[in-house]
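Working notes, structure below.
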Ligand code: HC1
Ligand code: SF4
């Protein structure tokens with residue numbers, strides 16, 4: 001080990017440790033804007049470009065960036081000497097010299113790393129004035145890029161290329177003109193961008209933001225002619241408390257329901273209901289393909305791939321156009337909900353679909369893109385009208401002055417608000433497959449499962465595989481999160497190097513709980529673990545934990561849909577893919 005002293009505190013750390021890491025180990029906070037360390041992914045963004053982490057190292061003439069300076073034996077460091085503070089302030093002023101000052105109307109206001117430091121350092125003027133770079137804003141179906149605000153920290157690039165394997169964002173040009181851009185400077189919406197939003201999740205400033213749809217939703221709520229129905233994704237309930245100061249991993253399902261009622265939604269329903277429905281369809285498809293495969297039908301292709309993650313869907317459409325016969329044709333729970341709400345539920349309450357507005361609350365930005373896909377509309381009227389991220393909902397709640405923390409727990413409306421424990425774990429990596437296995441096992445054997453928890457499908461590793469017995473069959477399943485891992489696995493499958501019966505892919509770290517629309521995770525992996533634990537706790541506490549036991553799902557098949565994979569189910573609940 002190497003002995004080092006920081007702010008008079010002594011520590012011993014392994015060689016190669018940076019001053020920043022050693023300081024963190026001592027509980028000493030050194031500000032950073034560009035640094036990002038994703039331990040479990042073994043990915044680091046370490047360009048040392050922002051320079052706000054500079055520290056004084058005894059015996060060295062120049063200040064050193066703590067994030068990129070390895071420790072040395074006997075090193076003595078001062079993290080907040082007057083010299084350091086003066087330098088940091090100057091660094092901030094230089095960053096601000098080429099940065100818009102429109103904090104009042106910036107979507108990142110209040111959560112901006114640069115604004116936060118400017119406030120902490122008491123900046124009252126920017127001494128260095130010069131040209132301010134300007135770029136046209138780029139609006140994709142999910143993301144707004146405002147490169148005027150980019151500070152070239154390159155965190156987005158690391159997420160997009162190293163974690164997601166999408167290679168959409170790269171630093172281009174030099175010096176004052178340098179900026180992060182898609183290939184050929186194309187608009188993001190015309191590239192292979194999956195809308196996963198992981199670039200947004202780590203952007204420290206307002207350069208990458210979600211496409212905000214709160215104004216459209218407010219207008220619908222204010223329109224007396226409209227019946228506004230809302231659905232809430234599994235992962236939202238594990239993170240919505242965070243913007244209101246609650247401990248990460250606090251389950252706020254009941255408060256979320258109450259807040260949505262207070263905001264004026266006419267019917268508060270749950271995407272978890274259609275997550276159970278997805279299992280009925282996708283589980284049936286899995287058993288059907290498996291049985292035909294075992295009977296020697298060579299036209300059946302395996303592995304079946306889950307299809308509820310819209311960024312993953314767009315990824316395989318772009319990257320694996322030759323394998324479009326593999327994904328399940330089941331729509332995602334979000335889209336199943338829209339289709340059921342605007343048919344079954346509109347009929348139930350006796351209104352035409354045009355009078356109904358369906359709003360989703362999602363942890364995800366790609367859900368905005370998914371809802372806008374033309375195949376999910378009838379006569380131009382979309383099944384899901386607007387998608388709000390967890391962050392946008394939190395803003396609406398704050399804007400309405402609702403005291404979230406003290407809200408009483410509300411209950412979802414019925415019939416589209418009932419769900420089982422199998423549905424809520426959709427929000428964590430491995431959950432969709434676990435839910436499918438719970439149902440497939442019982443349907444295949446007609447016997448009650450000896451166990452409900454499939455620990456072998458849970459965890460944080462990027463690629464996991466397990467063998468699960470479904471009836472007489474040893475089902476080989478894979479679970480993947482983060483698209484870079486999905487690419488590696490799919491390439492192995494394409495090359496015939498790996499064989500699976502079923503694979504779940506979720507694009508974001510940890511699954512939807514780490515989605516691009518959640519309170520910014522900024523790469524903090526412990527946060528994702530706390531949210532995940534909340535979903536499994538919720539599952540454990542439910543009286544029903546298998547999708548096929550959901551009484552309202554059974555009723556929906558009896559009275560409206562018919563059989564899983566039947567004609568009506570096909571028309572409303574299945575889709576197709578295009579290269
Ligand atoms: Fe997800 Fe899904 S789990 S995709 O991550 O299948 O977004 O939470 O809503 O649709 O149910 C997201 C979460 C979500 C869908 C479900
Ligand atoms: Fe890359 Fe995802 Fe951002 Fe698109 S949304 S640029 S794929 S990180």
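Tell me which of these residue 277 doesn't satisfy, since it passes every other one: (1) assigned by TED's automatic domain parsing to the domain that holds residue 564; (2) away from ligand 2 (no atom under 16 Å from the Cβ); (3) buried (at least 20 other Cβ atoms within 10 Å of the Cβ).
(1) is the only condition that residue 277 fails.
Within the bounds of region 216-225, is there any residue that is crowded, with 24+ Cβ neighbours inside 10 Å, at pLDDT 95 or above, within 22 Å of the chain's Cα centre (by Cα) and not in a helix (DSSP H, G or I)?
no
Determine whether residue 512 is within 26 Å of the chain's Cα centre (by Cα), outside the structural domain of residue 37 (by TED's automatic domain parsing) and over 30 Å from residue 202 (Cα atoms).
no
Checking the condition buried (at least 20 other Cβ atoms within 10 Å of the Cβ) and away from ligand 2 (no atom under 14 Å from the Cβ), which residue from 114, 169 passes? Write out each step before concluding.
Values: 169 fails: away from ligand 2 (no atom under 14 Å from the Cβ).
Testing whether each residue is buried (at least 20 other Cβ atoms within 10 Å of the Cβ) and away from ligand 2 (no atom under 14 Å from the Cβ) leaves just 114.
Taking the criterion of being at pLDDT 95 or above, more than 24 Å from residue 437 (Cβ to Cβ) and in contact with a helix residue (DSSP H, G or I) (Cβ under 7 Å, 6 or more places away or on another chain), would at least one residue in region 486-504 satisfy it?
Looking through region 486-504, at least one residue is at pLDDT 95 or above, more than 24 Å from residue 437 (Cβ to Cβ) and in contact with a helix residue (DSSP H, G or I) (Cβ under 7 Å, 6 or more places away or on another chain).
From (1) in contact (Cβ under 8 Å) with a residue 60 or more places away in the chain; (2) surrounded by fewer than 20 Cβ atoms within 10 Å (Cβ to Cβ); (3) part of a helix (DSSP H, G or I), pick out the condition that doesn't hold for residue 452.
Tallying (1) in contact (Cβ under 8 Å) with a residue 60 or more places away in the chain; (2) surrounded by fewer than 20 Cβ atoms within 10 Å (Cβ to Cβ); (3) part of a helix (DSSP H, G or I), residue 452 fails exactly one: (3).
Residues of region 520-537 being in a helix (DSSP H, G or I) and surrounded by fewer than 24 Cβ atoms within 10 Å (Cβ to Cβ), which ones? Let's see the steps before the verdict.
At the first step, the residues of region 520-537 found to be in a helix (DSSP H, G or I) are 525-537.
Listed by number, the residues that qualify are 525, 526, 527, 529, 530, 533, 536, 537.
Could you tell me how many of the residues in region 142-165 are over 20 Å from residue 37 (Cα atoms) and within 11 Å of ligand 2 (Cβ to nearest atom)?
Qualifying residue count, region 142-165: 3.
May I ask you to say which residue of 286, 290 is within 16 Å of ligand 1 (Cβ to nearest atom) and either assigned to a helix (DSSP H, G or I) or free of Cβ contacts under 8 Å to residues at least 12 places away in the same chain (or both)?
Numbers: 290 fails: within 16 Å of ligand 1 (Cβ to nearest atom).
Matching residue, one of 286, 290: 286.
Against the conditions (1) in a loop (DSSP other than H, G, I, E, B); (2) without any contact (Cβ under 8 Å) to a residue 40 or more places away in the chain; (3) buried (at least 24 other Cβ atoms within 10 Å of the Cβ), where does residue 517 fall short? Just the number, please.
With respect to (1) in a loop (DSSP other than H, G, I, E, B); (2) without any contact (Cβ under 8 Å) to a residue 40 or more places away in the chain; (3) buried (at least 24 other Cβ atoms within 10 Å of the Cβ), residue 517 is out only on (2).
Determine whether residue 197 is within 16 Å of ligand 2 (Cβ to nearest atom), under 16 Å from the mean Cα position of the chain (by Cα) and in contact (Cβ under 8 Å) with a residue 40 or more places away in the chain.
yes
Against the condition assigned by TED's automatic domain parsing to the domain that holds residue 43, in contact with a helix residue (DSSP H, G or I) (Cβ under 7 Å, 6 or more places away or on another chain) and loosely packed, with under 15 Cβ neighbours inside 10 Å, how does residue 97 come out, does it pass?
Judged against the criteria, residue 97 is not a match.
Mind listing whichever residues of region 168-194 are in contact (Cβ under 8 Å) with a residue 40 or more places away in the chain, away from ligand 1 (no atom under 16 Å from the Cβ) and assigned to a loop (DSSP other than H, G, I, E, B)?
Listed by number, the residues that qualify are 187, 192, 193.
Restricting attention to region 462-495, which residues are over 19 Å from residue 319 (Cα atoms) and free of Cβ contacts under 8 Å to residues at least 12 places away in the same chain?
If the condition is that a residue be over 19 Å from residue 319 (Cα atoms) and free of Cβ contacts under 8 Å to residues at least 12 places away in the same chain, then 467, 472, 474 are the ones that fit.
Taking the conditions exactly as written (free of Cβ contacts under 8 Å to residues at least 40 places away in the same chain and farther than 23 Å from residue 391 by Cα), does residue 125 satisfy them or not?
Details: free of Cβ contacts under 8 Å to residues at least 40 places away in the same chain: yes; farther than 23 Å from residue 391 by Cα: yes.
So residue 125 passes the test.
Regarding residue 162, is this residue part of a strand (DSSP E or B) and not assigned by TED's automatic domain parsing to the domain that holds residue 39?
no
Give the residues of region 374-423 that are crowded, with 17+ Cβ neighbours inside 10 Å and under 25 Å from residue 549 (Cα atoms), sorted by residue number.
410, 412, 413, 415, 416, 417, 418, 419, 420, 421, 422, 423
Counting residues that are in contact (Cβ under 8 Å) with a residue 60 or more places away in the chain and under 26 Å from residue 570 (Cβ atoms), which helices (runs of 4 or more DSSP H) fully inside region 330-400 reach at least 1?
Once the helices (runs of 4 or more DSSP H) in region 330-400 are filtered for at least 1 residues that are in contact (Cβ under 8 Å) with a residue 60 or more places away in the chain and under 26 Å from residue 570 (Cβ atoms), what remains is 333-340, 366-371.
In region 343-358, what count of residues is obtained for those that are more than 13 Å from ligand 1 (Cβ to nearest atom) and within 18 Å of residue 275 (Cβ to Cβ)?
In the first step, residues of region 343-358 are kept if they are more than 13 Å from ligand 1 (Cβ to nearest atom); the result is 343-357.
Remaining after also requiring within 18 Å of residue 275 (Cβ to Cβ): 344-345.
Matching residues across region 343-358 total 2.
Please tell me if residue 202 is outside the structural domain of residue 393 (by TED's automatic domain parsing), closer than 26 Å to residue 484 by Cα and either modelled with pLDDT of 95 or more or within 16 Å of ligand 2 (Cβ to nearest atom) (or both). So that I can check it myself, show each step before the final result.
On the way: outside the structural domain of residue 393 (by TED's automatic domain parsing): yes; closer than 26 Å to residue 484 by Cα: yes; either modelled with pLDDT of 95 or more or within 16 Å of ligand 2 (Cβ to nearest atom) (or both): yes.
Yes: the conditions hold for residue 202.
Looking at region 301-321, which of its residues are assigned to a helix (DSSP H, G or I) and modelled with pLDDT under 95? It would help to see each step written out before you state the result.
First, pick out the residues of region 301-321 that are assigned to a helix (DSSP H, G or I): 310-319, 321.
Once the filter is applied, which keeps residues that are assigned to a helix (DSSP H, G or I) and modelled with pLDDT under 95, region 301-321 yields nothing.
Does residue 230 satisfy the condition of being assigned to a helix (DSSP H, G or I), modelled with pLDDT of 95 or more, touching a strand residue (DSSP E or B) at 6+ places or on another chain (Cβ under 9 Å) and within 16 Å of ligand 1 (Cβ to nearest atom)?
no
Only one of 231, 213 is crowded, with 24+ Cβ neighbours inside 10 Å and more than 30 Å from residue 475 (Cα to Cα); which?
Checking each option against the conditions leaves just 231.
Working only within region 401-425, note down all residues that are assigned to a helix (DSSP H, G or I) and touching a helix residue (DSSP H, G or I) at 6+ places or on another chain (Cβ under 7 Å).
The answer is 404, 405, 421, 422, 423, 424, 425.
Regarding residue 180, is this residue within 10 Å of ligand 2 (Cβ to nearest atom), modelled with pLDDT under 95, in contact with a strand residue (DSSP E or B) (Cβ under 7 Å, 6 or more places away or on another chain) and not assigned by TED's automatic domain parsing to the domain that holds residue 315?
yes
Residue by residue, here is whether (1) more than 24 Å from residue 532 (Cβ to Cβ); (2) assigned by TED's automatic domain parsing to the domain that holds residue 268; (3) within 16 Å of ligand 2 (Cβ to nearest atom) holds:
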position	(1), (2), (3)
348	yes, yes, no
378	yes, yes, no
411	yes, no, no
427	no, no, no
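The values are calculated or read from the model by the stated rules, or taken from the named source; none is laboratory data. Predicted, not measured: the structure shown is a model, and the values here were computed from it. A quick note on method: Cβ atoms are made from the backbone with ideal geometry, for glycine too, and the neighbour counts reach across all protein chains shown.
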